[in-house]
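Right, one structure below, let's go through it.
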Amino acid sequence: MAKKFTPEMLAGLSYKEAVIVKNERTGEEFSFEVRPLTHLEAEEVKGIASGGIRSEISQIGKKGKMRKEEMKMDVAAVTRATAQAVRKAAILGLSEEWNPDQVIALPSAWIDEIGGRVMEISGLGNPNKDNEEEEDEEDADSFREESSRGV
């Protein structure tokens, strides 16, 4: 049976963690407190990140009963949109002592780290991490299991 969720439990949703960034020039490390995005904030960030991707649907066939779906992607626009989404996540996820102008004045590598971590703890994934290695390992393991079973 599912446990009843009560307003008192919301305190547990106010998760915060520290993101440590390093000044590459001096070697100094700095800590920033971040939180996950709310549902509406996460939707806003996802909307920004989807910039540069278009889906076109058209009716085809003699009676127009079939449809053709085509997805187009402008790589430069997707790259810009991803950077804007990461920046927005950093702005929203940093503690309230930071205003947007201060956040965008940070070094871009720091914004990438902070925004990427905010997206990650918000369940959006981190666009700055390369997940291909993990996927390749999973594919290889899956292939090995299927091959050993004779599938």
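Every read-out reported here was derived from the displayed coordinates using simple, explicitly stated rules and does not represent laboratory data. Predicted, not measured: the structure shown is a model, and the values here were computed from it. We place every Cβ from the backbone using ideal geometry, glycine too, and count neighbours over all the protein chains shown.
Within segment 45-63, identify whether any single residue is out of contact with any Cys (no Cβ under 7 Å at 6 or more places or on another chain), at negative phi, of a type in the set (S, T, N, Q) and touching a residue at least 24 places away in the same chain (Cβ under 8 Å), and answer yes or no.
Initial filter on segment 45-63 (out of contact with any Cys (no Cβ under 7 Å at 6 or more places or on another chain)): 45-63.
Subset that is at negative phi: 45-51, 53-60, 62-63.
Cutting the leftovers down to of a type in the set (S, T, N, Q) gives us 50, 55, 58-59.
In the following step, the residues that additionally are touching a residue at least 24 places away in the same chain (Cβ under 8 Å) were identified as 50.
Among the residues of segment 45-63, at least one is out of contact with any Cys (no Cβ under 7 Å at 6 or more places or on another chain), at negative phi, of a type in the set (S, T, N, Q) and touching a residue at least 24 places away in the same chain (Cβ under 8 Å), which makes the answer yes.
Looking only at residues in segment 29-44 that are in contact (Cβ under 8 Å) with a residue 40 or more places away in the chain and part of a helix (DSSP H, G or I), which one is farthest from Ser122 (Cα to Cα)?
Glu44
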